Structure formats: C-alpha cells, structure tokens
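The values are calculated or read from the model by the stated rules, or taken from the named source; none is laboratory data. Quick caveat: nothing in here was measured; it's all calculated off a predicted structure. Reconstructed Cβ throughout: ideal geometry from the backbone, glycine too, with neighbour counts over all protein chains shown. Calculation scope for accessible area: heavy atoms of the full protein, side chains included, ligands and nucleic acids excluded. Shrake-Rupley method; radii C 1.70, N 1.55, O 1.52, S 1.80 Å.
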Amino acid sequence: MHENVSSLRLEDFPSLDWSDVSRRLTPWIRASLEKVLETQDGRGLTLDESYALANSEGNDLLGLLVAANILRSELVGNIVTYVVNRNMNFTNICFVGCKFCAFSRGPREADTYFYTPEQMAKKAIEAWQLGATEVCIQGGLPRELPKFYYRDVLRAIKSAVPRMHIHAFSPMEIVYGVELTGMALADYLCMLRDNGLDTLPGTAAEILDDEIRHILSANKLSTAQWIEVIRTAHRCGIRTTSTLMYGHAEAPAHWVRQMRLLRDIQTDTGGFTEFVPLGFVHQNTLLFAQGLARTGPTLAEHLKVHALARLLLAGSINNIQVSWVKLNRKLSQLCLHAGANDYGGTLMEENISREAGATAGQYTSPEDFQSLIMEIGRIPAERNTTYSRIRIKAPVSESQFILHESLEPEFA
C-alpha cells in the first residue's frame, strides 16, 4: 500500500491498487467508479457522472486510471492483442483540406503519387509474404477518381491474395464513392462487400460534433453522414472500428458525448469491433499553425481518454486499442495500464501520422509488440481483424491467465 499517493508522479500510477486510492476519492467519483466495477457495465453512468469522470484531476484521476485497469483485467483478462497488417495509402492527392492533416497534397505538387489497383495488389502480395493477415487501405480524395476505383482495388487484391482480410475505406471515402457512382449508400456498401471488403475503418470521425468538425475541416462529411455510413455498413454485415481524435480544439464533454453515441450505435447494431482513441499530432498541421488547436494531448489527457473509454464503453465495446504510431514506447505501455488491451497493427508503412510529425516510426514488428507487452507483465497474442481468433505468442501456464468469453463471433 502506498501512503504517499499524493506525491506520486502521474506516470507512476500503475503501482497503485484500488485500496491505495479509493479512500482519497471525491465521494461521487468513487460512487461512479464502484458502480461500473460492480456491474462491469458503463451504461449505468449518467451524463453528469460521465462528465465528472472526464474532468477528473489529482487523486480522482488516479482513481479513474486504477479502476479502468481493474475493469480491463476483469473484462478481457491479461492478454494484449495485435494484428499483423500493412497500411497502404493509395494516394496523397486530396481536395478536402482537413486542417489537422499534413499528409495530403494538391494535384500539382512534386511529391504526389497514385497507385493503380494492380500496384495495390502487388503491395498486398508482399504483405502476405511477410506474414500479414490484413491490409488497411485509405487514401486522399483526388478529383476525377475513376468512379469504381474502390471496387477495382478490392477485386485486384482478392484476386491476388484471396485470404487477405481487407480493412478499407473510411466513411468519407464511402460518401465520395456514393457521389461518384450515384448509387444508394446501402447498394454501394453491399457492392464493396461482395467484391471483397471485409471491414471498414471507423475513421473520419475525429470529433462527432459539427461545430468542432467545421474547425477541423469545413469540407468533410457531417456527423449525421458518418453515423449513417456506419449504421448502414453494420446493417450490410460489414463490421467497423470506432475512433475519436483528441488533443486539439475539443473539450472533455465531447469525449463523453462521442463515447455515449458509439455505445448507442453498438447497442443497436453490435457492429463495432473496437474503439481507437487517436491523439492529435500537431507539429506540421495547419490547425496548429493557425492557432486553432493546442499542442496535442497532455499525458493526463492520453491516459484519461483511454481510461474513460474503458469505463463508459464497458459491456458494449470491450476492445480498447492503443494507437502506438501516435505515442512513444513508454506512453503506449502506460495506456495499456489505463484500460487498453490492444496494440493495433504492425502497419509496415504508415504515412498520415508521420507526415503530421509523429516520431514513433512506421513499423513495429510482432517481436517488438511481444517484447513491449511482456515488459509490463501481460500476455501477447496475435489476432485477426475481428478478434474472433487469437494466437498466444508467449509461453504461459494455465495459472497465468483466464481466457474470458470476450472473443466476439464473426458478424453475421
């Protein structure tokens, strides 16, 4: 037991037990945390309770982090998963003009590129030969994109590597594809599904509040459009991830409302595989240069968002992912102590965060993930995209862990 909890640095919180912090908490914060710990479900938290947790500081923040780690252990055990994948950005040409993006280029800039479906298939073959089970495909939105380009990329990859899982096309890209083809949204999504789309990234969400979205990107799809694409994808049998970008122009209340919205969608559809908090990387962005954003998340915000997600989404979306490419090694491990249970993908190449100024690199090997995970006393496991299959990657005894019924069935 720690007697000097108040003198601890925030990054030392993993050494704390509930008994160390519980008696030091504000009574209503303790009551909220204990409610979720007792039920292992976040739906009992009121909006006001959720706001209070999102704004917690000092000992209350320590309590939130410790509670999130306890809940993580109870809901998903001590296994930390990752997927071996390759990130493939097919073009950096884009007309949307998101102020938080340093990846996009105008069509006449010198360093533009655009890959044909055949070139994308070649990259997928390389990824398969290197052990990847998934390719993650997104790109800029160039004007005059061939109207069935997304379909043709799927066809080319599935023809070349039939067993590769294709996780592709953000809701923004789906809206653009609908515009290009004139098809109904459901028909368009089903066409992509029938041509090889397995799951959809729930990116382009940033903050699902149109006032904030207007600051981030005036030309991007609306909150309502994002929700419509995601719900329609789920109805078509296409599972998706869910995301939130934090550390820019938003406030803690936005985190809460977004997590509760995602929970509501999950209650209706069951289509989310995971929740991925994405820390804003500010260095090379117009958003920061114009004074519209702060300098990315603080340590407290990084930890708080992951912990809050574990509490609010408990019993609904039980896989919380660390976006390692936006965090350094130590911080990614701290987020695993603050409620997260997944390391995301190896990526092999990643351009969007790197262009914005992230320094964590473009590739983390499976062996690196295993080392990072075992360093914090957890059990590494390689998973497939939908978490329905995992393979333990470290020698373990039966006494070390219990494999909970947390592996989700394939989405029908």
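Can you give the calculated 222 nm mean residue ellipticity of the chain, where each DSSP H run of n ≥ 4 adds -39,500 (n - 2.57) and the sum is split over every residue, rounded to the nearest 500 deg cm²/dmol?
Values: 16 runs with 171 residues, N = 412.
Value at 222 nm, helices only: -12500 deg cm²/dmol.
Between V96 and L299, what FRET efficiency follows from the Cβ-Cβ distance if R0 is 35 Å, with the result rounded to 0.05? Walk me through the intermediate numbers first.
Details: r = 31 Å, r/R0 = 0.89.
The formula returns an efficiency of 0.65 here.
Hey, in the GNM for the chain with a 10 angstrom Cα cutoff, which one of G377, G270, G140 fluctuates hardest?
Checking each option, the largest mean-square fluctuation is seen for G377.
For D187, what charge total do you get from the other residues with a beta carbon under 11 Å from its beta carbon, if Lys and Arg give +1 and Asp and Glu give -1?
Numbers: positive: R193; negative: D194.
Net of charged neighbours comes to 0.
What do you get when you divide the Cα radius of gyration of the stretch 157-200 by 2.2 N^0.38 Å, with N the number of residues? Provide the component values of the computation, followed by the final result.
Numbers: Rg = 10.9 Å, N = 44, 2.2 N^0.38 = 9.3 Å.
My calculation over the Cα atoms of the stretch 157-200 gives 1.17.
Under Stokes-Einstein, with the Kirkwood radius over Cα pairs standing in for Rh, what whole-number D in µm²/s applies to the chain at 25 °C and 0.890 mPa s?
Numbers: Rh = 21.7 Å.
Estimated via Stokes-Einstein, D reaches 113 µm²/s.
Across the stretch 269-356, how large is the tail of the calculated P(r) beyond 19 Å, expressed as a percent of all Cα pairs?
On the way: 1675 of 3828 pairs.
For the stretch 269-356, the fraction of Cα-Cα distances above 19 Å is 44 percent.
When DSSP assigns beta bridges and you keep just the ones with both residues in the chain, what percent turn out antiparallel, to the nearest 5? Walk me through the intermediate numbers first.
Working: 4 of 31 bridges.
Close to 15 percent.
Can you tell me the orientation of helix 149-160 relative to the chain, as the angle in degrees between its alpha-carbon axis and the longest Cα principal axis, to the nearest 10?
So the inclination is approximately 80 degrees.
For the chain, give me every cysteine whose Cβ has no other Cys Cβ within less than 4.7 Å, ordered by residue number.
When partners are defined as cysteine Cβ atoms under 4.7 Å apart, the chain leaves C94, C136, C190, C236, C335 without one.
How many percent of all Cα-Cα pairs in the stretch 47-143 sit more than 16 Å apart? Please report the intermediate quantities before stating the final value.
Numbers: 3361 of 4656 pairs.
Result for the distance tail: 72 percent.
Around E118, under 12 Å between beta carbons, what's the net of Lys plus Arg minus Asp minus Glu among the other residues? Before the final figure, lay out each step's value.
Numbers: positive: K122, K123, R155; negative: D152.
Cβ neighbours under 12 Å give a net charge of +2.
In Å², and per residue, what accessible area does the chain have when probed at 1.4 Å with the other protein chains present?
On the way: 16580 Å² over 412 residues.
Per residue, the chain has an accessible area of 40 Å².
Can you give the percent of C-alpha pairs in the stretch 119-172 whose distance is more than 13 Å? It would help to have the intermediate numbers written out before the result.
Details: 827 of 1431 pairs.
Summing the P(r) tail past 13 Å for the stretch 119-172 gives 58 percent.
Counting only protein heavy atoms and using a 1.4 Å probe, what share of the accessible area of the chain belongs to carbon plus sulfur, as a whole percent?
Details: 8210 of 16580 Å².
Here carbon and sulfur together make up 49 percent of the probe-accessible area.
Note down the relative contact order for the stretch 28-155 as a percent, whole number, built from C-alpha pairs under 8 angstrom at least six residues apart. Intermediate values should be presented prior to the final figure.
On the way: 122 pairs, mean separation 32.7, N = 128.
Across the stretch 28-155, relative contact order equals 26 percent.
Translational D (Stokes-Einstein, µm²/s) of the stretch 211-343 at 4 °C and 1.567 mPa s when Rh comes from the Kirkwood sum over C-alpha pairs?
Working: Rh = 15.5 Å.
Result for D is 84 µm²/s.
Taking only Cα atoms and a 10 Å spring cutoff, compute GNM fluctuations for the chain and point out the largest among E375, E109, E134.
Top of the fluctuation ranking is E109.
So for the stretch 299-350, what are the equivalent ellipsoid semi-axes in whole Å, largest first, each being the square root of 5 times an eigenvalue of the Cα gyration tensor?
Numbers: eigenvalues 73, 37, 12 Å².
Values for the stretch 299-350, descending: 19, 14, 8 Å.
In debye, nearest 20: dipole of the chain around its Cα centre with unit charges on the Cβ of K, R (+) and D, E (-)?
Details: 40 positive and 47 negative charges, 127 e Å.
With only Lys, Arg, Asp and Glu charged at Cβ, the dipole is about 620 debye.
For the stretch 1-77, what is the Kirkwood hydrodynamic radius in Å, using each pair of distinct C-alpha atoms? Spell out each step's value before the answer.
On the way: mean 1/r = 0.0790 Å⁻¹.
Kirkwood hydrodynamic radius for the stretch 1-77: 12.7 Å.
With Cβ to Cβ distances under 10 Å as the rule, what net charge do the other residues near L62 carry (K, R +1; D, E -1)?
-3
Return the distance in nm (one decimal) between the two label points of a simple spin-label model at R391 and L292, each offset 7 Å from Cα along Cα→Cβ.
Once both label points are built, they end up 4.5 nm from each other.
Could you pull out every one of the aspartates and glutamates with an alpha carbon less than 13 Å from that of K35, ignoring same-chain neighbours closer than 8 positions?
By straight Cα distance, K35 reaches E49.
Over the stretch 239-301, what is the mean sequence separation of C-alpha contacts under 8 Å (at least six apart), divided by residue count, expressed as relative contact order in percent?
On the way: 74 pairs, mean separation 30.9, N = 63.
49 percent.
Have a look at the stretch 155-230 and give its Rg and Dmax from the Cα atoms, expressed in angstrom.
Spelled out, the Cα radius of gyration and Dmax of the stretch 155-230 are 13.8, 43 Å.
Calculate how steeply helix 223-235 sits against the longest principal axis of the alpha-carbon atoms of the chain, using the helix alpha-carbon long axis, and give the answer as 0 to 90 degrees to the nearest 10.
Rounded to the nearest ten degrees, it is 80.
Would you mind checking the tilt of helix 185-194 against the longest principal axis of the Cα atoms of the chain, expressed as 0 to 90 degrees and rounded to 10?
Roughly 90 degrees, rounded to the nearest 10.
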